[in-house]
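Colleague: Quick one: this structure, given as structure tokens, is what I'll be asking you about.
The values are calculated or read from the model by the stated rules, or taken from the named source; none is laboratory data. On a predicted model such as this, the values are computed, not experimentally measured, just so you know. Cβ sites come from the backbone with ideal geometry, for glycine too, and all protein chains shown count toward neighbours. Side chains included, ligands, DNA and RNA excluded: accessible areas come from the protein's heavy atoms. Shrake-Rupley method; radii C 1.70, N 1.55, O 1.52, S 1.80 Å.
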There are 2 protein chains.
Amino acid sequence: MTEPAPKQLVRIAELGIDPAQLETFRALLAEEIEASVRVEPGVLMLHAVAMRDDPTQIRLLEAYADKAAYEAHLQSPHFLRYKALTAAMVLSLRLFETDPILLRAKA
Amino acid sequence: MTEPAPKQLVRIAELGIDPAQLETFRALLAEEIEASVRVEPGVLMLHAVAMRDDPTQIRLLEAYADKAAYEAHLQSPHFLRYKALTAAMVLSLRLFETDPILLRAKA
């Protein structure tokens, strides 16, 4: 990715997952990420990691082309499926709006 | 990026910056990121964002090809320059090792 345009939405999500359902959650999240970036033109980046010192703590860095792209994502079938199937697994969810300084990755 | 190989190092850094030096810090960080991803084959991704509710709080998501690539990065001239010039600007620094679940971005 190059310099983010000002209208891009870039956010961090911090999730705490029920340990008993962690493997299922991870599989559903990976499915959702894979589909979103592949199918939706406005989903630019979805990076999900587990904190090593507590793998039930998941962190996401998300980038959307603009607000409309984000709202379309929330209505996509893969996101709605993920949201419904994981509702009882997610014990905590915090969303943080951010302003990108620089996003750089190998091509 | 595709599925991360197990030997990849993916980490999160949380930095708190002296508000009086924030603009200078941001410029030095952006320089360092740009040079690292451009010049170093083993620096796969460096994403830096500022938290909107407190822009002195910076978050980075970093991916290196392996431990050797990370250690080479720490000895690179651009990283050493960044580290020296920002030492007095960084009020707090926490590093978290992570295990990637899935890292996906548009090509």
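Colleague: Output ³J(HN,Hα) for segment A:65-82: one whole-Hz value per residue in order, computed from phi by the Karplus curve 6.51 cos²θ - 1.76 cosθ + 1.60 with θ = phi - 60°, and x for Gly and Pro.
Modeller: Along segment A:65-82, the couplings run 4, 5, 5, 5, 5, 5, 5, 5, 4, 5, 9, 6, x, 5, 5, 4, 4, 4 Hz.
Colleague: Run the quick spin-label model on B:Met51 and B:Asp66: label points 7 Å from Cα toward the beta carbon, then report their separation in nm to one decimal.
Modeller: Here the modelled spin labels are 3.6 nm apart.
Colleague: Another question, if that's okay. With the full set of protein chains in place, find how many percent of the accessible area of chain A is carbon and sulfur; take the probe as 1.4 Å. Spell out each step's value before the answer.
Modeller: Values: 3040 of 5130 Å².
On chain A, the fraction of accessible area on carbon and sulfur atoms equals 59 percent.
Colleague: Which ³J(HN,Hα) values, rounded to whole Hz and listed in residue order, are derived for segment B:96-107 from phi using the Karplus coefficients 6.51, -1.76 and 1.60 in 6.51 cos²θ - 1.76 cosθ + 1.60 with θ = phi - 60°, glycine and proline given as x?
Modeller: 10, 6, 9, 10, x, 8, 7, 10, 9, 8, 4, 5
Colleague: Evaluate peptide A:87-96: per residue, the Cβ atoms of other protein chains within 10 Å of its Cβ; return the mean as an integer.
Modeller: Averaged over the peptide's residues, the number is 1.
Colleague: Could I ask something else about it? What number comes out for accessible area per residue over segment B:16-105 if the probe is 1.4 Å? Units Å², please. Provide the component values of the computation, followed by the final result.
Modeller: Working: 4150 Å² over 90 residues.
Value for segment B:16-105: 46 Å² per residue.
Colleague: At q = 0.08, 0.09, 0.15, 0.17 Å⁻¹, what log₁₀ I(q)/I(0) does a Debye calculation on the Cα points of the protein assembly as shown give, no solvent, two decimals?
Modeller: Log10 of I(q)/I(0), two decimals: -0.27, -0.35, -0.98, -1.26.
Colleague: Between copies, how close do the B:Glu31 label points come, placed 7 Å along Cα→Cβ, listed in nm from shortest?
Modeller: Distances to the matching label points in the other copies: 4.8 nm.
Colleague: I've got another one for you. Could you bin all the Cα-Cα distances of segment B:59-107 into 10 Å bins starting at 0 and give me the percent of pairs in each, rounded to whole numbers?
Modeller: It works out to 17, 46, 31, 6, in whole percents.
Colleague: Report, as an integer, the average count of C-beta atoms from other chains found within 10 Å of each Cβ along A:50-61.
Modeller: Working: counts 5, 5, 6, 3, 1, 3, 0, 2, 2, 6, 3, 9.
Counting Cβ atoms of other protein chains within 10 Å of each residue's Cβ and averaging gives 4.
Colleague: Could you report the buried accessible area between B and A, both sides summed, computed with a 1.4 Å probe and given in Å² to the nearest 100?
Modeller: Details: alone 6780 and 6770 Å², together 10250 Å².
Protein heavy atoms only, the B-A interface buries about 3300 Å².
Colleague: Another one. From the label point of A:Lys106, set 7 Å along Cα to the beta carbon, how far off in nm is each other copy's matching point, shortest first?
Modeller: A:Lys106 label point versus its equivalents elsewhere: 2.3 nm.
Colleague: Calculate how large, on average over all directions, the projected area of the Cα convex hull of chain B is; give the answer in nm² to one decimal.
Modeller: Working: hull surface 28.0 nm².
One quarter of the hull surface, i.e. the mean projection, equals 7.0 nm².
Colleague: Taking a 19 Å limit on the Cα-Cα distance, which of the listed pairs A:Lys106/B:Lys106; A:Lys83/A:Lys106; B:Lys7/B:Lys67; A:Lys83/B:Lys7; B:Lys67/B:Lys106 fall beyond it?
Modeller: Working: A:Lys106/B:Lys106 12 Å; A:Lys83/A:Lys106 31 Å; B:Lys7/B:Lys67 8 Å; A:Lys83/B:Lys7 31 Å; B:Lys67/B:Lys106 26 Å.
Table pairs above 19 Å Cα-Cα are A:Lys83/A:Lys106; A:Lys83/B:Lys7; B:Lys67/B:Lys106.
Colleague: Could I ask something else about it? Considering only chain A, pick the residue with its Cβ nearest the axis of the rotation onto chain B, and state the distance in whole Å.
Modeller: Of all Cβ atoms in A, the one closest to the rotation axis yields A:Leu61, 3.
Colleague: So what's the gap between the Cα centers of segment A:1-65 and segment B:52-107, to the nearest angstrom?
Modeller: Centre-to-centre (Cα) distance: 19 Å.
Colleague: Among B:Ser76, B:Ser92, B:Ser36, which one shows the biggest mean-square fluctuation in a GNM of chain B, springs joining Cα atoms closer than 10 Å?
Modeller: It is B:Ser92.
Colleague: Taking the Cα centre of the protein assembly as shown as origin and charging only Cβ (+1 Lys, Arg; -1 Asp, Glu), how large is the dipole, in debye to the nearest 20? Walk me through the numbers before you get to the answer.
Modeller: Values: 24 positive and 30 negative charges, 55 e Å.
Value, rounded to 20: 260 debye.
Colleague: How large is the charge dipole for chain A, taken about the Cα centre, if only the Cβ atoms of Lys, Arg (+1) and Asp, Glu (-1) carry charge, to the nearest 20 debye?
Modeller: In total the dipole reaches around 140 debye.
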